[in-house]
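Okay, structure first, notes after.
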């Protein structure tokens with residue numbers, strides 16, 4: 001099912017890049033429908049009203065439209081789409097909590113992952129994570145790819161939860177410094 005959705009999105013987005021407006025409308029409609037459920041789950045996990053999801057969906061669709069050129073057509077659409085959507089969900093949570101800064105570490109346990117780990121496990125992401133030291137790579141994989149909680153990862157690796165969060169933060173900083181986050185491209 002996820003594979004079919006990914007294949008459809010890729011086909012539609014490629015057609016849209018070739019000027020097929022109907023394909024682009026269908027792509028945006030399919031993505032909007034998917035994002036509504038995704039955003040509602042994320043808001044619920046964060047203790048927020050799922051009624052706020054439509055704002056996140058609309059902000060995400062605008063970002064997808066303005067940043068669609070950043071998608072590499074040799075890669076799946078899902079990881080790119082989820083990157084854009086996660087940034088918009090984080091922005092919404094920041095705005096509504098009144099905090100200028102919310103740590104990704106704090107949100108890692110409430111942000112919804114893709115329906116399947118295969119959506120996020122593109123070969124580029126796996127290669128980037130594999131470039132990290134072994135312990136940092138295992139922490140990033142456990143939390144962001146497998147969706148485990150920091151306290152579970154800590155127990156598995158015989159570390160304190162705080163040490164896991166510090167290692168995760170350092171790993172993300174290393175990835176950002178080495179590969180660039182793409183956050184500016186997907187953020188807005």
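The values are calculated or read from the model by the stated rules, or taken from the named source; none is laboratory data. From a predicted model like this one, the values you see are computed outputs, not experimental measurements. As a convention, Cβ positions derive from the backbone with ideal geometry for all residues, glycine included, and neighbour counts pool all protein chains shown.
Among the helices (runs of 4 or more DSSP H) confined to region 72-188, the ones with at least 3 residues that are under 21 Å from residue 42 (Cβ atoms), assigned by TED's automatic domain parsing to the domain that holds residue 27 and modelled with pLDDT of 85 or more are located at 77-97. In region 13-36, the residues that are assigned by TED's automatic domain parsing to the domain that holds residue 64 reach residues that are outside any helix (DSSP H, G or I) and at pLDDT below 95 with C-beta atoms within less than 7 angstrom, at least six apart or across chains, in these pairs: 13/71; 14/73.
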